[in-house]
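The values are calculated or read from the model by the stated rules, or taken from the named source; none is laboratory data. From a predicted model like this one, the values you see are computed outputs, not experimental measurements. Note that we place each Cβ from the backbone using ideal geometry, even for glycine, and neighbour counts take in every protein chain shown. Areas reflect the complete protein model, heavy atoms only, side chains present, ligands, DNA and RNA absent. Shrake-Rupley method; radii C 1.70, N 1.55, O 1.52, S 1.80 Å.
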Amino acid sequence: MLTRLAPSDPFLADQIGELREQTKNQMIYAEQVDLSSLHSIRKFATKWIDNAPPRRLDMLILCANTLTPPGGERTETDEGIEEMWMVNYLANFHLLGILSPALRAQPFDRDVRVIIPTCSSYIASPDLVDALSKKKWSPKKAYARSKLAMMVFGQAFQKHLDAYQRPDKLPMNTRVIFVDPGFTRTPGMRRWLTRGSVWGLLLYVFGYVLPWFFLKSAEMGAQSILHAAMEGSLGRGVGGKLIKECMEVDFARNDVKNEDIAKKLWEASDKLIEKTEKEQAALRALEKKHQKMREKEKKEAEQAQEIEALVDTIKKGKEAEKKPSRRQRKKANADKTESTST
Ligand SMILES: NC(=O)c1ccc[n+]([C@@H]2O[C@H](COP(=O)([O-])OP(=O)(O)OC[C@H]3O[C@@H](n4cnc5c(N)ncnc54)[C@H](OP(=O)(O)O)[C@@H]3O)[C@@H](O)[C@H]2O)c1
């Protein structure tokens, strides 16, 4: 399980413990990846593929998602990329790009699946080629666009896998499967309905009968994802299918399969990642340099303090030497009285 929480987080440890108990599977574990950071993704994924022989990889479920509630402000990640574009699309593009050799290295008889949960909002998305300017930005448009990008890229990724010539000349057996789980009462949906406000949450709680009646439970929402993960027939034939209500459905937009758009998107994403990673690497190097300088200055200040303290003790010692001792003072007093009496 990939999570942005640290593995030492007590809630996460509890959750993993519970999952292990319920499934009697001690192999479940968590790794930390912050999908809003290209650096975090690269660190995790390069470590993961750096293994010989290649690790077994059966399935990737790219479920992470973020959605700014209506009226919300445009936010950027620490690396300067619009947050929904980053988490919902670019993170998956980056992760799949790095894990691609691991997918291609799986034995030909392994049914490997890349499951991409999506949302019908992609149907109303503005075109991908029209860059969404900061002025025109709205949470709804930006979310829909990130979902459309993920679908266009998913199709292109399937073609990229299919085009790979295995050394054993056997066909590739990895399939990308898109899933629309339908409207579901998940934390993300709750945040969207409540606008992320306390008032919204109170309304949600008091009017709970409405979401309860109109939205699926998380378990019901998961059924199409589970179908995509386990239905045997989806492991045969062509990849790139869309599943909704546990059935294969058509894409509602033709440009999802448009190769020109996919090529432009792929190139632009590669460029953005390269530019951002270079900038971030330079910033990290600068920060490291500053850190070293700060440590050096701290060390020098400590040394100066030590020298000062040493000089102080030497001075005190010399003063103490100059000061006559009690015996000397006594003797001097005695001499003085003797000379006055004579
Ligand atoms: N719910 C619906 O009604 C609905 C409808 C249609 C489609 N879908 C699709 O179903 C999928 C799942 O949606 P959902 O409603 O379950 O979403 P959700 O409740 O918002 O959950 C999203 C998950 O993504 C994780 N995440 C967010 N930002 C992350 C980051 N920077 N790094 C790592 N993990 C991060 C969250 O982690 P934390 O727990 O740490 O926050 C959370 O576990 C999405 O692809 C969505 O488009 C959902």
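Give me the net charge of residue 3's neighbourhood, meaning all other residues with Cβ under 14 Å from the Cβ of residue 3; Lys, Arg count +1, Asp, Glu -1.
Here the charged neighbours net out to -3.
With every protein chain kept in the model, how would you rank 164, 29, 122 by accessible area, 1.4 Å probe, largest at the top?
Descending accessible area places them as 29, 164, 122.
Please work out the FRET efficiency for the pair residue 108 and residue 260, using the Cβ-Cβ distance as r and a Förster radius of 45 Å; give the result to the nearest 0.05.
0.90
Counting only protein heavy atoms and a 1.4 Å probe, tell me what percentage of segment 41-276's accessible area is made up of carbon and sulfur.
58 percent
Work out the FRET efficiency for residue 199 and residue 21 from their Cβ-Cβ distance, taking R0 = 45 Å, and round it to the nearest 0.05.
In this case the efficiency is close to 0.70.
Suppose the chain between residue 75 and residue 120 were pulled fully straight at 0.36 nm per residue; how much longer would it get relative to their current alpha carbon spacing?
The residue 75-residue 120 span can extend by a further 13.9 nm.
Counting only residues 5 or more places away or on other chains, whose amide H sits under 5 Å from the amide H of residue 114 once H atoms are built in the peptide plane?
60, 175, 176, 177
Please report the relative contact order for segment 19-118, taking Cα pairs under 8 Å with a sequence separation of at least 6, and give it as a percent rounded to a whole number.
In percent, rounded to a whole number, it is 37.
With Kirkwood's inverse mean 1/r over C-alpha pairs for Rh, give me the Rg to Rh ratio of segment 41-276, two decimals please.
Rg/Rh for segment 41-276 comes to 0.98.
Where Rh denotes the Kirkwood radius from the mean inverse Cα pair distance, what is Rg over Rh for segment 49-160? Each step should come with its number before you reach the end.
On the way: Rg = 15.9 Å, Rh = 15.4 Å.
Using Cα coordinates only, the ratio equals 1.04.
Rounded to the nearest 5, what % of the DSSP beta bridges within the chain are antiparallel ones?
20 percent
Given the rule -39500 (n - 2.57) for each run of at least 4 DSSP H residues, summed and divided by the residues of the chain, what is its mean residue ellipticity at 222 nm, to the nearest 500 deg cm²/dmol?
The helix-only estimate for the chain comes to -17500 deg cm²/dmol at 222 nm.
Compute the distance from the alpha-carbon center of segment 68-128 to that of segment 163-240, in whole Å.
Each part reduced to its Cα centre gives a spacing of 14 Å.
Please compute the per residue accessible area over the chain with all protein chains in place, 1.4 Å probe, rounded to a whole number of Å².
65 Å²
Who wins for biggest fluctuation among 282, 124, 102 in a Gaussian network model of the chain, springs between alpha carbons below 10 Å?
Residue with maximal mean-square fluctuation among 282, 124, 102: 282.
Calculate the spin-label point distance for residue 39 paired with residue 231, positioning each point 7 Å from the Cα along the beta-carbon direction, and give it in nanometres.
Distance between label points: 4.2 nm.
Rounded to the nearest 0.05, what FRET efficiency do residue 206 and residue 59 give with R0 = 35 Å and r taken as the Cβ-Cβ distance? Could you check?
With a Förster radius of 35 Å, E is 0.30.
Under 24 Å between alpha carbons, and skipping anything fewer than 8 positions from residue 292 in its own chain: which lysines qualify?
Output for residue 292: 43, 278.
Over the chain, calculate the relative contact order: mean separation of alpha carbon pairs under 8 Å at least 6 apart, over the residue count, as a percent.
16 percent
For a quick check of understanding: with a 1.4 angstrom probe and all protein chains in place, what accessible area in square angstrom does residue 192 have, to the nearest ten?
Surface open to solvent at residue 192 totals about 90 Å².
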